[in-house]
Amino acid sequence: VLGRRGPGTFEELADRINRRRNLRQIVVVEQAERILLRTEEGLSLARRFLDMVEATSGTILWVVLLGDATATFLDTHLDLKAYFTHHQHLTGIDADQMEAMIMARHKVSGFDIEFAPPALRRLERLRRPVFGAEARRISRRVYFERLANRTGGNPRSALLHWLKSVRADPVDDTRILVATMEDRDVKILDPLTLRQQLVLATICLHRSISSADITTVLAENTDDIQREIRHLRRLGFVDIVPDTRDDYSIRPIATAWVERELRQLNLI
């Protein structure tokens with residue numbers, strides 16, 4: 001698309017693409033959160049990128065992939081949807097799809113499997129006592145319903161939770177035991193300070209971001225932000241992006257839960 005020497009600006013890129021009239025290509029931009037930094041300059045850069053997409057839409061079919069939080073932010077500030085002809089919102093998978101995905105993977109292992117019975121309220125147990133195969137079916141069903149709810153339908157997060165749930169049977173080495181998943185609404189962000197919550201919101205919005213950029217976005221002291229990041233890493237919310245020195249992202253196992261609570265707090 002670009003030739004040997006790349007253009008220096010989005011405007012030059014648009015001009016170069018449009019001069020190649022015979023060019024017909026599909027370009028997929030993954031993790032498009034990287035075009036945004038939540039500052040005045042960052043929004044200006046994002047607008048220039050979107051202007052380039054619009055200007056070259058007769059030659060390039062652009063497929064831009066964004067997280068919900070970033071898409072909402074850009075639509076609010078830059079009218080994101082006006083730049084594209086089609087918008088597709090990809091929802092998480094449901095409990096049935098999650099069960100099919102995980103059990104297909106488990107089947108390859110060749111191990112038997114047993115789900116621990118869920119903790120039911122006393123009234124529920126009295127109303128409908130279950131035994132044998134029915135009890136096992138309900139245990140499995142309840143597990144995947146709770147897993148789908150906890151992970152927001154995110155397949156990667158679900159697989160990580162699954163790995164934390166399973167263990168080898170100490171009595172039967174041909175069987176895997178699956179621990180029950182608690183059905184309780186835990187507010188994991190409540191113990192955090194507002195600044196720590198804002199750091200998490202900033203990371204979620206950008207998917208991954210350096211501590212220097214977090215400092216710029218939040219207009220905070222560098223040492224304070226780095227201290228908050230270290231604390232969030234100790235708590236298991238944040239980890240450093242592989243192969244980088246100072247880029248941070250939300251840990252995959254916590255992503256769905258963190259984003260859900262940040263939305264409830266109106267921080268994303």
Local net charge near residue 166, Cβ-Cβ under 11 Å (Lys/Arg +1, Asp/Glu -1): +1
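What order do you get for 9, 216, 39 when you list them from fewest to most C-beta neighbours inside 10 Å?
On the way: 9 10, 216 19, 39 13.
Lowest to highest Cβ neighbour count: 9, 39, 216.
If you add up the charges near residue 60, with Lys and Arg at +1 and Asp and Glu at -1, over every other residue whose beta carbon is less than 14 angstrom from its beta carbon, what do you get? Don't jump to the answer; show the numbers that get you there.
Values: positive: 16, 19, 20, 21, 24; negative: 15, 51, 54.
Cβ neighbours under 14 Å give a net charge of +2.
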So, in nm, how far is label residue 79 from label residue 94 when the simple model puts each one 7 Å beyond its Cα toward the Cβ? 3.7 nm
Straight-line reach from residue 107: which lysines fall under 19 Å, measuring Cα to Cα and dropping same-chain residues less than 8 apart? 164
Can you compute the modelled spin-label distance between residue 41 and residue 21, with each label point 7 Å from Cα toward Cβ, in nm? 4.0 nm
Could you list 103, 181 in order of exposure, starting from the residue whose Cβ has the fewest other Cβ atoms within 10 Å? 103, 181
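Classify region 156-268: rounded, prolate or oblate, from the alpha-carbon gyration tensor (a ≥ b ≥ c, eigenvalue square roots; a/c under 1.5 rounded; otherwise prolate if a/b is larger than b/c)?
prolate
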Going 7 Å from the Cα of residue 195 toward and past its Cβ, which residues in region 228-246 have a backbone nitrogen under 16 Å from where you end up? 228-233
In a shell of Cβ-Cβ distance under 10 Å around residue 241, excluding residue 241 itself, what net charge do Lys and Arg (+1) and Asp and Glu (-1) give? -2
Using only DSSP helix segments of four residues or longer, with each worth -39500 (n - 2.57), what per-residue ellipticity at 222 nm results for the chain after dividing by its residue count and rounding to 500? -16000 deg cm²/dmol
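Taking the Cα centre of the chain as origin, sum charge times position over the Cβ atoms of Lys and Arg (+1) and Asp and Glu (-1), and report the length of that vector in debye to the nearest 20. Kindly include the intermediate steps, with their values, before the conclusion.
Values: 41 positive and 38 negative charges, 145 e Å.
Charge dipole of the chain: 700 debye, to the nearest 20.
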Given the options 238, 192, 117, identify the residue whose Cα lies farthest towards the positive end of the charge dipole of the chain (+1 on Cβ of Lys, Arg; -1 on Cβ of Asp, Glu). 117
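Got a sec? How would 174, 255 order by Cβ neighbour count within 10 Å, fewest to most? Let's see the in-between values first.
Details: 174 9, 255 21.
Final ranking by Cβ density, sparse to dense: 174, 255.
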Give me the lysines in straight-line cross-link reach of residue 81: C-alpha distance below 28 Å, same-chain residues under 8 apart excluded. none
Classified through the alpha carbon gyration tensor (a ≥ b ≥ c as square roots of its eigenvalues; rounded if a/c is under 1.5, else prolate when a/b is larger than b/c, else oblate), region 30-113 comes out prolate
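Assuming a ≥ b ≥ c are the square roots of the Cα gyration tensor eigenvalues, decide whether the chain counts as rounded (a/c under 1.5), prolate (otherwise, with a/b larger than b/c) or oblate. Walk me through the numbers on the way to the answer.
Working: a/c = 2.48, a/b = 1.75, b/c = 1.41.
In terms of gyration-tensor shape, prolate.
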Test of understanding: in a Gaussian network model of the chain with alpha carbons linked when under 10 Å, which of 113, 188, 26 would top the mean-square fluctuation ranking? 26
Short version: ³J(HN,Hα) in whole Hz for each residue of region 12-17, in order, from phi by Karplus 6.51 cos²θ - 1.76 cosθ + 1.60 (θ = phi - 60°), x for Gly and Pro, what are they? 5, 4, 4, 5, 5, 5
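Relative contact order for region 208-268: what percent, with Cα pairs under 8 Å and sequence separation of 6 or more? Please report the intermediate quantities before stating the final value.
Working: 47 pairs, mean separation 18.4, N = 61.
About 30 percent, as a whole number.
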For residue 187, which aspartates and glutamates qualify as cross-link partners when the Cα separation must be under 16 Å and same-chain residues fewer than eight apart are set aside? 259, 261
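Only the coordinates and a few stated rules stand behind these numbers; no lab work does. Treat the numbers as computed from the prediction; the structure is a model and nothing was measured. Cβ: placed from backbone, ideal geometry, glycine included. Neighbour counts: every protein chain shown.
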